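Enquirer: Here it is, the structure in full.
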Amino acid sequence: MVVGVYLFRAAVGQRWRSYVGIALLVGLLGGVSLVAVAGARRTQSAYPRFVRSARASTMALDPGLYVPEINAAVARLPQVQSSSTYIATNVVPLVDGRPDRSVNFEAIGSLDGRFFGQDRFTPTKGRLPDPTRVDEIAVNENAAQQYGYHVGQRIDLGTYTDEQIRDPDLETHPSPPKLQMFVTIVGTGLFVEEVVQDESDASALVLLTPAYTAEARPYGTYAWQGLVLKRGDADVDAVKQQLVNLLDPGSPQFFRVTSVDTFHSLQAIRPLSIALGLFGVIAGLATLVLGGQAISRLLRQDRQDRTVLRALGATPRTIAGSALIGPVLAIVAGGLLAVAFAALASSAAPIGRVRKVEVAPGVHLDLTVLGLGAGSLIGLLAAIAAVVSWRESARLAGARPQRPSSIVAAAAARGMPPAAVAGLRMAFEPGSGRSAVPTRSVMTGAAIAVTALVASVTFGSSLGSLTADHRLYGWSWDATFEDQQGYGNARLDGAHAVLDTNPDVDAWSSASFGSDLVNGRNVPLLGMAADSVVSPPLVHGRRATGAGEVVLGAATAAELGKGIGDQVTIGAFAPGRQLRIVGIATLPTVGIVHGAHTSLGVGALVAPELVPGFDRNVTESTAGGPPPGRVGPNAIFVRFKGGTNVDTAFDRLSRASGPMASFPGTGTLIRAQRPAEIVNSSEIGGAPSLLAGALTLGVVASLALALTTSVRRRQRDLALLKAIGFTSRQIGATLAWQATATITVGLVVGVPAGVVVGRGLWNLFARQLDVVPRPTVPVLALVIVSVGLVAIANATAAVPAGMARRVQPSVILRSE
């Protein structure tokens, strides 16, 4: 105890600034690590918490045209806890009393409080409309951005019937609307499913109050009914089976299950969480490396005091334990500072789009991360201090001399310049006694930091390639023609007339949208013929060759517990149809708007005749519509010829695609629709650059500390070099060689290791997203990083080199 008090008082009196420095280093870097990891957890959990707070429906269903009897029958099902419905109406803004068809939003009329209580709309500006007022509306952010809508704006709205809307002369010779109302926009915001959504679902929406809907109800078209089920997802399949029994046989089956949306949302948020968590892990490693180096240097400075205590009879164990009092107190203080910093900075999370709907913004204490994280940092740094202290005490009892470096010997044997040999010796030989420098820990830290840096660059490059190449997320074609947002039916005769003669088109195939029960689970379907030339990319197996085979998305296969070669049953009515799984594909994000559709790993690719509603007929012709007979597909996938300017070809085809639509103006040509997982990867923003910058600063700080310590502790060596004739330029070159050698070791070890780690992380990440796994190694970027780190290392050596040039040989050697 007396020994400990002596060492502690001596250390505090002489090195209290060093203890404060260690506490600040651990507090700030450790705090950054805790903030990042806690922020990653908060970001990943934000959407499920929001869904619960918004009272989201368990599922939503579209029975087609709004029929009050069917709506009421569904609401009375024994599995239903609560039901709420919206009705779509043909609402168009009026300009001088005439409909403005250039504005194409969808008017959602809340029938019984949907989006006000259940599936509550979240204003990001303004407020929710008053449900009892007919003259207040809200718009989603897509509508606000697309048409410049803002809170406080007044709009003249007209409600029309389907027959009026389909009249091509409505704008030039308008018939009066069935209902006309001046309304005020009181809020802009997001519907539950819009917070993190696929591009195929992004549309301009206007929310009408129940009071407005009551007046517009006679002119409603289709409806979507939201259901909160008593047993959650466990009741979904039973409700779907009963709904199918209520509808006409062969009717399309359009459903949306909130848990599926949540799965996609969590997958979409994952890149942000991973980037933030990776930053936290790297910051934690930097804390351990830099903190461990600082503690090692501090403990080695006590060597003279240890020698005195050893001469007085103190045991190595006593000396080692006593020397730990000061460093451990500094580490504990740093850990507490890190917790305080993390608590204060926690309001910066969550990040990304979910920040707009965070249910509990502000300071958040993640006790799991703060407790385990701070405890781990304190424990590991204390363990490092204990090991260093014990080794230093053991050396006093008779340490073996340091072995010379073989690299230095080889450099001398090859006749390298004296400055180079001296610099390599200072880099690779830690020295002994008062001139000892922790060179190995510096190189280890540099290697770890470079590994992490290269891994993050490789991961970021792979993510950039995924975002830029639509073939990797299921779109192995260039354009898709959809009729009535996937609900209508394109005309194949028109498709042949337009596409077969288009010089830009290489190939095209048709597809049908829908969903059905597969082994009792609701699965979105993409119906395509076996001979389709244009189809989604396969990850494993082969394409289906007939109606008895199916290709699944990876997530759907995992949910069903099935693999290639297994059998599944499709169909809502017993006995169903047996299909054999022959492949796993990355499915495109395409299908009906607002409803369940294929996306990445979710869905099934089947023969068209297996999609419910595929074989329904048109019994009479409508002006401008398809002739009597079987209807066409919901979409047509078009691939352009290689070397074609895609933008130009797309514009030409878009202008010529009119004959492919079921009615004039109902068809739309769309580009590759990115899934939410890809859309939201852009929210990562500057995180990779910030991480790279932090790692570079960590390498530079570690190297600068090592070089400065080397100059201070090796003044005798530098004095000898000057005494034997080294010039100031050679002294500077010696420090430059030391810095270059140190960072080169980090690069030699870290670059290949980082590439391996980055590719491994990306392959794991790609499998989780169910995209085509294709990691990219940015060779040019890695060369630039390597050259840049060497240049920065040499620039960092400039300040210690200036200190070394000022060493006075006469003063230093006289004291020896």
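Enquirer: Using the Kirkwood radius over C-alpha pairs as Rh, can you work out the diffusion coefficient of the stretch 445-533 via Stokes-Einstein at 25 °C, viscosity 0.890 mPa s, in µm² per second? Don't skip to the end; give the middle numbers.
Expert: Working: Rh = 17.3 Å.
Here the translational diffusion coefficient equals 142 µm²/s.
Enquirer: What is the diffusion coefficient of the stretch 25-104 in µm²/s, taking the Kirkwood radius over Cα pairs and the Stokes-Einstein relation at 4 °C with a viscosity of 1.567 mPa s?
Expert: Reported coefficient: 71 µm²/s.
Enquirer: Kindly provide the Kirkwood hydrodynamic radius of the stretch 104-195 in Å, to one decimal, from all pairs of distinct alpha carbon atoms.
Expert: Numbers: mean 1/r = 0.0695 Å⁻¹.
Roughly 14.4 Å, rounded to one decimal.
Enquirer: Using the Cα atoms as the points, what is the convex hull volume per residue of the stretch 52-175 in Å³?
Expert: Details: hull volume 16.9 nm³, N = 124.
In the stretch 52-175, the Cα hull volume divided by residue count equals 136 Å³.
Enquirer: Which value in nm describes the separation of the simple spin-label points at LYS125 and LEU170, placed 7 Å from the Cα toward the beta carbon?
Expert: Distance between label points: 2.8 nm.
Enquirer: Students sometimes get this wrong: rank ILE87, ILE784 by accessible area, probe 1.4 Å, all chains present, largest first.
Expert: Values: ILE87 0, ILE784 105 Å².
Result of the area sort, largest leading: ILE784, ILE87.
Enquirer: Now for a different question. Rounded, prolate or oblate for the stretch 522-600? Axes are the square roots of the Cα gyration tensor eigenvalues, ordered a ≥ b ≥ c, and the cut-off for rounded is a/c under 1.5.
Expert: The shape class here is rounded.
Enquirer: Continuing with the same structure: Each label point is 7 Å from the Cα along the Cα-to-Cβ direction; what then is the distance between the points at SER53 and VAL779, in nm?
Expert: 5.0 nm
Enquirer: Can you compute 3J(HN,Hα) from phi for each residue in the stretch 421-429, using the Karplus curve 6.51 cos²θ - 1.76 cosθ + 1.60 with θ = phi - 60°, rounded to whole Hz and x for Gly and Pro?
Expert: Each residue's phi maps through the Karplus curve to give 4, 5, x, 5, 5, 5, 7, 9, 10 Hz.
Enquirer: With r defined as the distance between the Cβ atoms of VAL95 and LYS356 and R0 fixed at 41 Å, what FRET efficiency is calculated, to the nearest 0.05? Can you show the working numbers first?
Expert: Numbers: r = 32 Å, r/R0 = 0.77.
Efficiency, from the Cβ-Cβ distance: 0.85.
Enquirer: What is the set of long-range amide H partners of ARG114 at a cut-off below 5 Å, with H atoms built 1.01 Å from backbone N?
Expert: Amide H neighbours of ARG114, under 5 Å, 5+ apart: THR85.
Enquirer: Let me ask something else. Could you give the length gained by full extension between GLN241 and GLN81, i.e. 0.36 nm per residue of separation minus their alpha carbon distance, to one decimal place? Write down the numbers at each step before the final one.
Expert: Working: separation 160, 0.36 × 160 = 57.60 nm, distance 1.72 nm.
Residue separation times 0.36 nm, minus the Cα-Cα distance, leaves 55.9 nm.
Enquirer: If the chain between ASP156 and ARG440 were fully stretched, how many nm would it gain, using 0.36 nm times the residue separation less the Cα-Cα distance? Can you show the working numbers first?
Expert: Working: separation 284, 0.36 × 284 = 102.24 nm, distance 7.46 nm.
Between ASP156 and ARG440, full extension yields 94.8 nm more.
Enquirer: Given a Förster distance of 25 Å, report the FRET efficiency between VAL748 and VAL799 from their Cβ-Cβ distance, rounded to the nearest 0.05. Provide the component values of the computation, followed by the final result.
Expert: On the way: r = 25 Å, r/R0 = 1.02.
Approximately 0.50, to the nearest 0.05.
Enquirer: Residues with amide H under 5 Å of ASN489's amide H, sequence separation 5 or more or different chain, H placed in the peptide plane at 1.01 Å from N; which?
Expert: SER662
Enquirer: Through the Karplus equation 6.51 cos²θ - 1.76 cosθ + 1.60, θ set to phi - 60°, convert the phi angles of the stretch 459-475 into ³J(HN,Hα) values in whole Hz; use x for Gly and Pro.
Expert: 4, x, 5, 5, 5, x, 5, 4, 5, 7, 10, 5, 5, 6, 10, x, 9
Enquirer: OK, next. Hey, how many Å between the Cα centroid of the stretch 465-516 and the Cα centroid of the stretch 205-244?
Expert: Going from one Cα centre to the other spans 30 Å.
Enquirer: With θ set to phi - 60° and the Karplus curve 6.51 cos²θ - 1.76 cosθ + 1.60, what are the ³J(HN,Hα) couplings of the stretch 520-527 in order, to the nearest whole Hz, using x for Gly and Pro?
Expert: Values per residue, Gly and Pro as x: x, 10, 6, 10, x, 10, 10, x Hz.
Enquirer: If I stretch the segment between LEU367 and ASP233 completely, what's the gain in nm (0.36 nm per residue apart, minus their alpha carbon distance), one decimal?
Expert: Numbers: separation 134, 0.36 × 134 = 48.24 nm, distance 3.09 nm.
Extending this stretch completely gives an extra 45.1 nm.
Enquirer: With a 1.4 Å probe and all protein chains left in place, how much accessible area per residue does the stretch 706-774 have, in Å²? Provide the component values of the computation, followed by the final result.
Expert: Values: 2980 Å² over 69 residues.
Normalised by residue count, the accessible surface of the stretch 706-774 is 43 Å².
Enquirer: Would you mind checking which residues have amide H under 5 Å from SER57's amide H? H placed 1.01 Å from N; only 5 or more apart, or other chain.
Expert: For SER57, the qualifying residues are ASP119.
The values are calculated or read from the model by the stated rules, or taken from the named source; none is laboratory data. What you see is a predicted model; the values in this text were computed from it and never measured. Cβ coordinates were reconstructed from backbone atoms using ideal geometry, including for glycine residues, and neighbour counts include every protein chain displayed. Only protein heavy atoms, including side chains, enter the accessible area calculation; ligands, DNA and RNA are left aside. Shrake-Rupley method; radii C 1.70, N 1.55, O 1.52, S 1.80 Å.
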